[in-house]
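Any read-out appearing in this document is the output of simple, stated calculations on the displayed coordinates, not a laboratory observation. This one's a predicted model, so the numbers in the text were calculated from it and none came from an experiment. Cβ placement follows ideal geometry from the backbone for every residue including glycine, while neighbour counts extend to all protein chains displayed.
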Amino acid sequence: MKLNSIKKIGRSDFVNMGPIKLRQPIPTQDIELVDPFVLLHHYGPYPISEFNNPFDLGPHPHRGFEPITFLIQGEQLHRDSLGNESVVNAGDVQWTTAGRGIVHAEGPTKAFIKKGGELEGIQLWLNLPSEKKMMPANYQHVKNDDFLVVSSENSKVNIQVIAGELNGTNGRIGTQTSVNAYIIDIEEGGEFNLPVPKDHQSIVYLLNGEVTINDTESLALNNKQMVWFNQDGDGFSLEGKSKSKLLFLSGTPINEPISSYGPYVMNTQTEIMEAMRDYQSGKMGFLTV
Ligand code: MN
């Protein structure tokens, strides 16, 4: 395998979002965008209890992209204007295609708040090409146990295929564009050569632990957590220096102008104004508090 060279190493510093402090590897001053991925948030682990529950997002709209949640720890309640209401457990993935508009709300379940525990997740904003920005909204919820896993020979590396494909194994999520998304668990000493399609941009993000990429670059929490690869090889190599968890994402770049404001990702400023107006007039649906 010819290794993809490293384009940039990303930090994952904390930013403040209202009362919530979370890590934001995309965008940063250094990495504005990894087309088609416009935003990556890593929240938690937060200790949630009846006395501490900042991560409760009330009803809010989206248009023009796909907001995706990978829940790592905890339990959330999802509700949306399509009429979906579901409990999302650790390891589950919620893949929302906002398209022309959806209103959703999510936060820890009442039972989880009462019981208390750690909440941790990834929120990803995957852009849609202009011809799909106004498609009807859609919601996919796939449970942890329903994803297929690709393992290394010694089973020290286990890769859950969320979307796209890995070595002939397909993800359970249906995608609008060519995208691969995997959750990777590595034991200490585990090794894997991960293939990346030539026409995909790709990143690997460290959630916890410590790994070596391409035998040269070490990723560790609170230091360097993300690698953005050039499209000049067939993939990259991973080695666990301790028990680690990572998110891998790759996708075909959309290569269109982006105009984004608040919860909308469109191509032009005019489309942003239309989105605001359409939400106000109820065209994205309703959800009671
Ligand atoms: Mn949202």
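Summary of computed values
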| quantity | calculated |
| --- | --- |
| Longest DSSP-loop-exposure-free segment, chymotrypsin sites (Phe, Trp or Tyr not before Pro), the chain, at most 13 other Cβ within 10 Å | 52-285 |
| Residues with amide H under 5 Å from that of N230, placed H, sequence gap 5 or more | S5, I6, K7 |
| Estimated FRET transfer efficiency when R0 is 25 angstrom, pair L57-S259 (beta carbons, to 0.05) | 0.60 |
| Long-range tail of P(r) for segment 6-280 (Cα pairs > 24 Å, %) | 49 |
| Listed residue pairs exceeding 29 Å between alpha carbons, taken from K2/K243; K198/K283; K132/K198; K114/K156; K114/K241 | K198/K283; K114/K156; K114/K241 |
| Cleavage-rule hits, trypsin sites (Lys or Arg not before Pro), segment 114-178, DSSP coil, Cβ neighbours within 10 Å at most 16 | K143, R172 |
| Within segment 13-153: Cβ-based charge dipole about Cα centre, in debye rounded to nearest 20 (Lys, Arg +1; Asp, Glu -1) | 460 |
| Using alpha-carbon coordinates, inclination of helix 269-280 to the longest axis of the chain, degrees | 60 |
| Förster radius 30 Å - calculated FRET efficiency between N167 and F286, Cβ distance, rounded to 0.05 | 0.10 |
| Ordering of 149-155, 96-102, 163-169 by packing [mean C-beta count within 10 Å, highest first] | 96-102, 163-169, 149-155 |
| Neighbour-limited loop hits for trypsin sites (Lys or Arg not before Pro), segment 194-289 (at most 13 other Cβ within 10 Å; DSSP other than H, G, I, E, B) | K198 |
| A111-E131 pseudo-label distance in nm [points 7 Å out on the Cα-to-Cβ vector] | 4.5 |
| Spin-label zone in segment 2-35 - amide nitrogen under 14 Å from a point set 7 Å from the Cα of N223 along the C-beta vector | 10-12 |
| Rg and Dmax [Cα atoms of segment 88-181; Å; Rg one decimal, Dmax integer] | 15.8, 46 |
